[in-house]
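Engineer: Sharing a structure, written as structure tokens. Questions coming.
Laboratory data are not the source of any read-out in this text; all were calculated from the coordinates shown. Note that the structure is a prediction, hence the values are computed from the model and not measured. With ideal geometry, Cβ positions are generated from the backbone for all residues, glycine too; neighbour counts draw on all protein chains shown.
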């Protein structure tokens with residue numbers, strides 16, 4: 001299993017580690033080999049370690065390869081030519097050809113969209129025996145974008161862990177000093193995550209909206225500054241509970257205290273393909289109120305654990321309606337978690353590995 005180190009990246013690295021552990025529990029030998037994101041040398045040093053394996057499962061996310069992603073090109077060529085086993089690649093992001101990637105850096109955006117990303121797709125198609133995405137709509141997007149063989153693209157959902165920390169809801173609220181309903185936003189705080197939408201309608205949503213997470217990087221820090229200014233100008237402090245810490249993530253106890261205390265988890269994301277936070281919500285058996293995206297529509301077709309908001313101004317209405325159906329939505333979250341347990345997902349990966357080794 002070949003992915004980023006947890007010291008250099010949190011989301012994909014945690015996913016990779018958890019998946020490797022689950023596969024081991026199904027009696028398959030798995031070594032986890034990591035590299036530091038944006039580091040050509042770190043990646044290069046890891047490649048010789050991969051020669052002895054039957055399968056090299058590579059985790060791909062465009063943002064792990066620098067501003068343009070160009071360092072991936074020589075690295076994938078070296079890996080493809082150097083390895084002995086079969087390569088499986090999981091795409092954590094699929095960009096469409098017309099999608100704006102870095103709107104404030106037009107030259108880099110052009111370079112990525114028209115040159116670098118197509119090279120990523122071509123090299124992965126050439127050297128990978130199988131490709132994985134987490135949702136059906138991403139399979140369609142990937143095929144349309146790249147023309148990778150449809151039969152080579154496999155849909156395997158993100159696995160839901162059973163062993164996360166869980167606390168009594170009332171006890172968790174008491175620990176956090178929160179009374180009454182708790183509507184939780186948790187995770188990276190960035191412009192595309194839609195926190196500003198929750199603030200805009202905070203008076204109509206009511207107490208208590210918790211904005212909890214981390215915001216590393218200058219762009220995110222400037223965004224946070226703007227949020228605080230908006231809160232002060234509109235006098236909405238009484239509706240909010242805010243906790244921001246650069247080191248706050250799902251490896252810590254406090255993360256799960258917040259998840260346990262929540263009645264609903266709010267995900268007003270403006271841009272997304274998949275979501276580890278949604279999986280965290282399911283691990284905590286918490287219903288979700290979400291933005292209008294393909295990802296959530298695909299889930300909502302089969303499970304009642306998510307309610308979709310089609311217009312921003314409808315967040316207060318949908319949140320109130322969801323609170324009236326809370327028990328039913330919690331039961332659906334539990335059903336989603338059982339159907340997509342990490343153990344079941346691990347078995348699907350093992351089946352895929354076996355099939356490409358035999359062929």
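Engineer: Treating the angle as unsigned and between 0 and 90°, give the value, to the nearest 10°, between the Cα long axis of helix 117-127 and the longest Cα principal axis of the chain.
Structural biologist: The answer is roughly 50 degrees.
Engineer: Which of 268, 48, 287 moves the most in a Gaussian network model of the chain with Cα springs under 10 Å?
Structural biologist: Of the options given, 48 has the highest mean-square fluctuation.
Engineer: Count the DSSP beta bridges whose two residues both fall in the chain, then state the antiparallel fraction as a percent rounded to the nearest 5.
Structural biologist: Antiparallel bridges: around 0 percent, rounded to the nearest 5.
Engineer: Turning to a different aspect of this structure: Quick one: length gained pulling residue 42 to residue 310 fully straight, 0.36 nm per residue minus the C-alpha distance?
Structural biologist: Values: separation 268, 0.36 × 268 = 96.48 nm, distance 4.35 nm.
Fully extending the segment from residue 42 to residue 310 adds 92.1 nm.
Engineer: Using r as the Cβ-Cβ distance of residue 317 and residue 230, and R0 as 22 Å, what FRET efficiency do you calculate, to the nearest 0.05?
Structural biologist: On the way: r = 22 Å, r/R0 = 1.00.
That pair, residue 317 with residue 230, gives E of 0.50.
Engineer: Now for a different question. Report, in degrees rounded to the nearest 10, the 0 to 90 angle that the Cα long axis of helix 326-339 makes with the longest principal axis of the chain.
Structural biologist: Helix 326-339 sits roughly 10 degrees off the main axis of the chain.
Engineer: Tell me, what is the FRET efficiency for residue 26 and residue 114 to the nearest 0.05, using R0 = 51 angstrom and their Cβ-Cβ distance as r?
Structural biologist: 0.75
Engineer: Using Cβ contacts closer than 10 Å as the measure, can you line up 10, 122 from fewest to most?
Structural biologist: Values: 10 19, 122 15.
Ranking 10, 122 by Cβ neighbours within 10 Å, fewest first, gives 122, 10.
Engineer: For the pair residue 84/residue 204, report the inter-label distance in nm, with labels modelled 7 Å from Cα in the Cβ direction.
Structural biologist: 6.3
Engineer: Calculate, for residue 52 and residue 300, the FRET efficiency according to 1/(1 + (r/R0)^6) with r their C-beta to C-beta distance and R0 30 Å; round to the nearest 0.05. Write down the numbers at each step before the final one.
Structural biologist: Values: r = 44 Å, r/R0 = 1.46.
Given R0 = 30 Å and the Cβ-Cβ separation, E is 0.10.
Engineer: Please quote Rg/Rh for the range 199-250 to two decimal places, taking the Kirkwood radius as Rh and restricting both calculations to Cα atoms. Before the final figure, lay out each step's value.
Structural biologist: Details: Rg = 11.7 Å, Rh = 11.8 Å.
Result: Rg/Rh = 0.99.
Engineer: Which residue fluctuates most in the GNM of the chain (Cα springs below 10 Å): 256, 110, 38?
Structural biologist: Comparing 256, 110, 38 in the GNM, the peak value goes to 110.
Engineer: Take the Cα gyration tensor of the chain, multiply each eigenvalue by 5, square-root it, and list the three semi-axes largest first, rounded to whole angstrom. Provide the component values of the computation, followed by the final result.
Structural biologist: Working: eigenvalues 254, 108, 71 Å².
Working from the Cα gyration tensor, I get semi-axes of 36, 23, 19 Å.
Engineer: What number, in percent, do you get for the relative contact order of the chain if the mean sequence gap of Cα pairs under 8 Å and at least 6 apart is divided by its residue count?
Structural biologist: Numbers: 586 pairs, mean separation 58.5, N = 359.
Normalised by residue count, the contact order of the chain is 16 percent.
Engineer: Taking a quarter of the surface of the convex hull around the Cα atoms of the range 231-313, what do you get in nm²?
Structural biologist: 6.8
Engineer: Have a look at 32, 19, 342 and tell me which one the Gaussian network model of the chain (Cα, springs below 10 Å) gives the largest fluctuation.
Structural biologist: Most flexible of the set in this elastic network: 32.
Engineer: Using just the alpha carbons, could you tell me how many Å³ per residue the convex hull of the range 169-339 encloses? Each step should come with its number before you reach the end.
Structural biologist: On the way: hull volume 18.7 nm³, N = 171.
Dividing the Cα hull volume of the range 169-339 by its residue count gives 110 Å³.
Engineer: Under 8 Å for C-alpha pairs, at least 6 residues apart: give me the relative contact order for the range 169-339, rounded to a whole percent.
Structural biologist: With pairs under 8 Å counted, the relative contact order is 23 percent.
Engineer: For the Cα atoms of the chain, what angle does the longest principal axis make with the long axis of helix 315-324, in degrees from 0 to 90, nearest 10?
Structural biologist: 80
Engineer: Using a 10 Å cut-off around each Cβ, can you sort 5, 355 from fewest to most neighbouring Cβ atoms?
Structural biologist: By the 10 Å Cβ count, ascending: 355, 5.
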